[in-house]
Amino acid sequence: MAAGADEVDYFVREIEKNDGCTLKVKQCYLGDVGCVVWDAAIVLAKYLETKQFYDPSSGVNVWAGRSVVELGAGTGVVGLMAATLGALVTVTDLEDLQTLLMVNIQENQALVSSGSVTAKVLKWGEDVSDFQPPPHYVLMADCIYYEQSIVPLVESLKLLSGPETCIICCYEQRTEGINPKVEMQFFELLQQNFNCEEIPSDKQDPEFSSPDIRILHIRRKV
C-alpha cells in the first residue's frame, strides 16, 4: 500500500457519545478481525456511559482516574470511550495492530481531557509486569472466538487481575460452527478462578444493546 494512501485504506465509523461529541474510529478495508469495529465493541463502549458509571447531572463518574486495560483492543474504540470519560487507559493488542491503534488515539485525542490513553503490545498468556499494579478494570469486547487463544486469554485475565479488578466482557453469542464450543470452553476455564455476573439489558444502553450480545462482570473468586 502506497504511503499517503491513508484515506483509501481506512474508513471511519462514528460513535456518538451521550454528550454529543463523536468518536471517529478508523477501520481497515483489508485485514483480519482486529481491523473492524465489531458490534460488541460498540455495545460495550456505550455501556461505559450508562448512568450507573457516568452521570454528570448527579456527579457520578466511576471512570475518573481509574486504571483500565483493554485486551484485544483492535481499533481501540472501547478504550477510547473510557479515556474520554476520564479513565487512564492502556489499549493492548498484537504488534500488527499498533499502527491502527495509534492512528485512532491520535484522531480522538481532542476528546480525551481528564483521562489518558496509550497503546501497548500484549500477547495473551505472556508477561504482564508492564501492566502492574492490577488495573481497576479490564475491558474486552468479542475476544472469545479462537479455540487456541482460550487458555492464554484466561491466563492473561488471571495475571492481570487483582482482588479489586472488575473485568467487563462483552461478546456476541454466535451459534454457528465452532463458536458455541469455544464459548463453553472459555467459561468452564474461567469459572475455576472467577465469578461471572450477567448484566441485564435494562442496565445497558437502551439503543445500543442486542439480545445476542452479552455483557458480563467477572471478578476473581476470593
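The values are calculated or read from the model by the stated rules, or taken from the named source; none is laboratory data. On a predicted model such as this, the values are computed, not experimentally measured, just so you know. Cβ atoms come from the backbone with ideal geometry, glycine included; neighbour counts cover every protein chain shown. The area values use the complete protein model at the heavy-atom level, side chains included, leaving out ligands, DNA and RNA. Shrake-Rupley method; radii C 1.70, N 1.55, O 1.52, S 1.80 Å.
Restricting attention to the stretch 40-83, the residues that are β-branched (Val, Ile, Thr) and either more than 14 Å from the chain's Cα centre (by Cα) or open to solvent by 20 Å² or more (accessible area, probe 1.4 Å) (or both) total 3. Looking at the stretch 20-27, can you tell me whether even one residue there is β-branched (Val, Ile, Thr) and closer than 26 Å to SER161 by Cα? No: zero hits. Got at least one residue in the stretch 120-140 being buried (at least 23 other Cβ atoms within 10 Å of the Cβ), within 18 Å of LEU44 (Cα to Cα), without any contact (Cβ under 8 Å) to a residue 40 or more places away in the chain and out of contact with any helix residue (DSSP H, G or I) (no Cβ under 7 Å at 6 or more places or on another chain)? No, every residue in the stretch 120-140 fails to be buried (at least 23 other Cβ atoms within 10 Å of the Cβ), within 18 Å of LEU44 (Cα to Cα), without any contact (Cβ under 8 Å) to a residue 40 or more places away in the chain and out of contact with any helix residue (DSSP H, G or I) (no Cβ under 7 Å at 6 or more places or on another chain). Looking across the stretch 180-195, the residues that are open to solvent by 50 Å² or more (accessible area, probe 1.4 Å) and either in a strand (DSSP E or B) or not basic (Lys, Arg) (or both) come down to PRO180, MET184, GLN185, GLU188, GLN191, GLN192, ASN195. Taking first residues from the stretch 1-19 that are under 30 Å from TYR47 (Cα atoms) and assigned to a helix (DSSP H, G or I) and partners that are open to solvent by 80 Å² or more (accessible area, probe 1.4 Å) and modelled with pLDDT of 50 or more, the Cβ contacts under 7 Å between residues at least 6 apart in sequence or on separate chains come to ASP9/TYR29. Within the stretch 196-219, restricting attention to residues that are in contact (Cβ under 8 Å) with a residue 60 or more places away in the chain and touching a strand residue (DSSP E or B) at 6+ places or on another chain (Cβ under 7 Å), the residue that is surrounded by the most Cβ atoms within 10 Å (Cβ to Cβ) is ILE213. Does SER156 satisfy being open to solvent by 50 Å² or more (accessible area, probe 1.4 Å) and either part of a loop (DSSP other than H, G, I, E, B) or polar (S, T, N, Q) (or both)? No: the conditions fail for SER156. Looking at (1) within 22 Å of PRO134 (Cα to Cα); (2) touching a Ser or Thr at 6+ places or on another chain (Cβ under 6 Å); (3) of a type outside the set (Phe, Trp, Tyr), which is the only condition SER201 fails? Just one mismatch for SER201, condition (1). Among the residues of the stretch 112-135, those identified as closer than 20 Å to ASP19 by Cα and either in contact with a strand residue (DSSP E or B) (Cβ under 7 Å, 6 or more places away or on another chain) or β-branched (Val, Ile, Thr) (or both) are VAL112, GLY115, SER116, VAL117. Check whether at least one residue in the stretch 160-179 is in contact with a helix residue (DSSP H, G or I) (Cβ under 7 Å, 6 or more places away or on another chain), open to solvent by 20 Å² or more (accessible area, probe 1.4 Å) and free of Cβ contacts under 8 Å to residues at least 40 places away in the same chain, and report yes or no. Scanning the stretch 160-179, I find at least one residue that is in contact with a helix residue (DSSP H, G or I) (Cβ under 7 Å, 6 or more places away or on another chain), open to solvent by 20 Å² or more (accessible area, probe 1.4 Å) and free of Cβ contacts under 8 Å to residues at least 40 places away in the same chain, so the answer is yes. Of all residues in the stretch 84-100, those satisfying the criterion of being within 16 Å of TRP124 (Cβ to Cβ) and open to solvent by less than 10 Å² (accessible area, probe 1.4 Å) are VAL91, THR92.
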